[in-house]
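The values are calculated or read from the model by the stated rules, or taken from the named source; none is laboratory data. This structure is a prediction, so every number in the text was calculated from the model and none was measured. Ideal geometry is used to build each Cβ from the backbone, glycine not excepted, and the neighbour counts take in all protein chains shown.
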Amino acid sequence: MTGTNQHPVSFEFFPPKTEVGMNKLQETRRVLGQMNPEYFSVTYGAGGSTRDNTKKVVFDGIDAGFNTAPHLSFGGDEKEAILNLLKEYQANGVSRIVALRGDLPSGFGAGSRLVHANELVSFIREHTGDHFQLAVAAYPEIHPEAESYDTDIHFLKQKFDAGANSAITQYFFNPDAYAFFIERCQKAGIDQPIYPGIMPITNFDNLKRFSQSCGAEIPRWLTYRVESLKDSPDDLKSFCTDFMTSLCEKLLSYGAPGLHFYTMNQIEPTQSICHNLNIK
Ligand code: FAD
């Protein structure tokens, strides 16, 4: 199934650990699937910890008629294991992959080496040619381990030069960060599409914690506003949906090629934001 929206959207899921979670995800996919997304994507746990569940959710999605893309990283795996996984994906109708370096899972020694995403992209191209559409990660507010803004863009370019087709950004709440980033990417010779990653605001305490580790900035005024509404759930919900809608509108007006939603496996608020944007 291919999207038909004026602004292409894609929806990201994580692989649930329980049967209840899997059933809930099927309903989320059914409802969000009515909005004709370009594809769904399914995350891959650090170090390959969700390999089987990721595969299951991806194959279920394909069986249900949806273009569904696994996220993939080398993790702690040997090349042969990744090659077998790629072959399995290829044989089962997967046509798109989100290629990442990933992070070290807790318990891995400090000496463990992570394989950078450009090497994974080269590996996939070397062994499967042009079969897969490859998306990579990009960071408008800079990856937390990056030496500098410019080296981070240099390494993003390296991922495109290795054969990536597009990028999806880490989430952010300041649209100017995206506009500035795109301008700098273009100056560095990147002309492939860079889709902003959209994180609808739901559990704000979790979001604050996670944002610290992944280097996404939550503006002070937004923190104050959200926290001031925490005893009025309806007002909070409506403020967050309006704020995210307005962020998406600004990004599209800046020329974003589409939107990638981090759904957290929930129908709402992604559905309401999309409806506000006339994506139905
Ligand atoms: P890389 O592109 O390898 O970059 C990592 C760091 O190294 C950057 O600081 C970069 O500047 C630098 N660098 C890049 N290439 C080189 C090089 N060749 N030599 C030296 N330095 C280099 N994590 C998961 O565990 N599972 C997921 O499913 C997942 N999905 C994600 C989806 C999206 C859209 C995004 C934005 C992130 C996702 N992440 C996921 C998180 C991601 O794995 C982490 O942000 C990770 O720290 C970096 O991955 P990367 O692919 O960007 O790495």
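For the stretch 8-32, give me each residue that is of a type outside the set (D, E) and in a helix (DSSP H, G or I).
Correct list: V20, G21, M22, N23, K24, L25, Q26, T28, R29, R30, V31, L32.
I'd like to check something: does the stretch 238-257 contain any residue that is modelled with pLDDT under 95, of a type outside the set (K, R) and farther than 26 Å from E27 by Cβ?
no
Limited to the stretch 260-280, what total is found for residues that are of a type in the set (A, V, I, L, M) and touching a helix residue (DSSP H, G or I) at 6+ places or on another chain (Cβ under 6 Å)?
So the answer is 3.
Mind counting the residues in the stretch 125-152 that are in contact with a helix residue (DSSP H, G or I) (Cβ under 9 Å, 6 or more places away or on another chain), near the ligand (Cβ under 7 Å from one of its atoms) and over 25 Å from P70 (Cβ atoms)?
Within the stretch 125-152, residues that are in contact with a helix residue (DSSP H, G or I) (Cβ under 9 Å, 6 or more places away or on another chain), near the ligand (Cβ under 7 Å from one of its atoms) and over 25 Å from P70 (Cβ atoms) number 1.
All but one of (1) touching an Asp or Glu at 6+ places or on another chain (Cβ under 6 Å); (2) within 23 Å of V9 (Cβ to Cβ); (3) surrounded by fewer than 17 Cβ atoms within 10 Å (Cβ to Cβ) hold for E217; which doesn't?
So E217 meets the others, but not (2).
One residue is enough: does the stretch 140-149 have a residue meeting the conditions at pLDDT below 95, within 26 Å of R184 (Cβ to Cβ) and surrounded by 12 or more Cβ atoms within 10 Å (Cβ to Cβ)?
Looking through the stretch 140-149, none of the residues is at pLDDT below 95, within 26 Å of R184 (Cβ to Cβ) and surrounded by 12 or more Cβ atoms within 10 Å (Cβ to Cβ).
State all residues of the stretch 33-76 that are within 13 Å of the ligand (Cβ to nearest atom) and assigned to a loop (DSSP other than H, G, I, E, B); if no residue qualifies, say none.
Selection gives T43, Y44, G45, S49, T50, S73, F74, G75, G76.
Can you tell me how many residues in the stretch 82-134 are touching a Lys or Arg at 6+ places or on another chain (Cβ under 9 Å) and either over 19 Å from S166 (Cα atoms) or modelled with pLDDT under 95 (or both)?
Matching residues across the stretch 82-134 total 7.
Could you tell me whether G93 is small (G, A, S), in contact (Cβ under 8 Å) with a residue 12 or more places away in the chain and within 16 Å of the ligand (Cβ to nearest atom)?
no
For V98, are the conditions met, namely being closer than 30 Å to M35 by Cβ, within 9 Å of the ligand (Cβ to nearest atom) and among the hydrophobic types (A, V, I, L, M, F, W, C)?
Spelling it out, V98 is indeed closer than 30 Å to M35 by Cβ, within 9 Å of the ligand (Cβ to nearest atom) and among the hydrophobic types (A, V, I, L, M, F, W, C).
Could you check K159 against (1) more than 9 Å from the ligand (Cβ to nearest atom); (2) of a type outside the set (A, V, I, L, M); (3) farther than 14 Å from G258 by Cα; (4) surrounded by 21 or more Cβ atoms within 10 Å (Cβ to Cβ) and say which number it fails?
Going through (1) more than 9 Å from the ligand (Cβ to nearest atom); (2) of a type outside the set (A, V, I, L, M); (3) farther than 14 Å from G258 by Cα; (4) surrounded by 21 or more Cβ atoms within 10 Å (Cβ to Cβ) one by one, K159 breaks only (1).
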